[in-house]
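To keep things clear, I will list the structure first and then write my remarks on it.
Here, each number is a calculation from the coordinates, and none is a lab measurement. No experiment lies behind these values; they were computed from the predicted model shown. Cβ coordinates were reconstructed from backbone atoms using ideal geometry, including for glycine residues, and neighbour counts include every protein chain displayed.
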Amino acid sequence: MHPIFAKKARFAGYMIVWVLIGFLLTGLLHIPGTLTLGAAGASFVVATMGVGASYSLLSIGSGFLIGQRVNTWMLVGGVLGWIFAPLLLMQYGVLHDHPTRTSVLYWVMWPGVGMMLAGGLTALVLRWRLLVEAMRALRSVEGGADEFPLPWVGGGIVVLAIGLCAIQYAFFGLPVWMTAIAILLAVPLMLVGLRALGETNWGPIGALSNVSQGLFAAIAPGNVNANILGNASTGTVAVTSEGLMQDYKAAHLIGSTPRSMTIAQLIGAPIGAAALAFSYPALVKTYGLIGEHAKLAAPGSRRSAALAELLSAGIDKLPQSALWAMLIATLAGALFAIMEENPKLKRWTPSPTGLGLGVLLPFASVATIFAGGLIALVWRRLRPEQAKTYQVPLASGFIAGEAMVAVLIALLGPLLAALGLWRG
């Protein structure tokens, strides 16, 4: 066997083994904090903010893959967002007694997203020469048998954009110019999301979608449809682009071509849409979508709906202190991105992506990711060759194993519960 194929086979074998281990070991035990913090008459229990740790092999595996610098700044962001921010917001009267995690998130998400956006967009601007060269290279490239024709890509973009404008106007009454703005806004937010995904293995889809909601609250105040559809357009572009990047990277590793992957995606998209059209109504009927006990009412969807309701009267309904914090965080994020370009300064420069995600993600996940990063760091120091061989397949197995368990629980949970073998 050729050495390259032998190496890929070993890698695949290691990953399969660790997928099975992750499948067997994964758990959902949550260890919340119970510490009460307070001063000057304001206090709160950190457990209400989700501060603590969780036994999650997916998070540990993510910590294996993320660099320890970003891991560390994610933890710092989590501490700032979910320990210090609630206390300060209560002390200065922004929040009242007994704040909820949702009420704190509505405030801290703005500086968190501002820092991520500024860091990501500044990094793109600083690399403008690279972007220009890439565009020039696209114009001069000759499509071979392995490439998908670029004129088809451009034509597809135009046709789909027109189709989206027509559908949103016909079914939701959204003006064409608003849909066009949503498409244009989705591009820079998509690039920021991809950068965050590449650095941390976490895509901030919900946060970027909420930014789009805020922008549409300024563009079209009082238009709830524009607010929700702007959120949906941005979220769809972000999640699709992140999935595509991972798919194409995996295809490249196993020797596939962009042409083959694009054809596979084009074949799979209508099949998936058809399956969703039949399965989604059945899931809604079985599990429910609206109400406290609805199992399909995801927390992110509830946050977006509540934010749309809040912004229906205009962006001025947002706390002014949150907007000032967003401005400060935006300037800091841009500064950090500039400092990261200097190799001597980068090691000690806060990561805008890490800080922003640390504020936006659940603290328990951030803490567990940091713990996974520490384990990987010690492993690399003590057994560098062993870590080089096993660390990536181990992390991949942990992530895939826990994800598979979550799906199987959703599918088999009712059956196992009926047999007395599972308690939901």
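A few remarks follow.
- FRET E, pair residue 345, residue 169, Förster distance 60 Å, beta-carbon r, rounded to 0.05: 0.75
- Each peptide in 248-260, 264-276, 358-370 was scored by the mean count of other Cβ atoms within 10 Å over its residues; highest first, the order is 358-370, 248-260, 264-276.
- Remark: the residue 224-residue 96 segment gains 43.3 nm on full extension, using 0.36 nm per residue and subtracting the alpha carbon distance.
- Counted residue by residue at 0.36 nm each, then reduced by the alpha carbon distance between them, the extension gain from residue 184 to residue 324 reaches 47.8 nm.
- Put a dot 7 Å past the Cα of residue 254, heading toward its Cβ, do the same for residue 103, and the two dots end up 5.0 nm apart.
- Whether region 49-95 is rounded, prolate or oblate, judged on the alpha carbon gyration tensor where a/c under 1.5 counts as rounded: oblate
- When peptides 53-65, 153-165 are ranked by their average number of other Cβ atoms within 10 Å per residue, the highest-first order is 53-65, 153-165.
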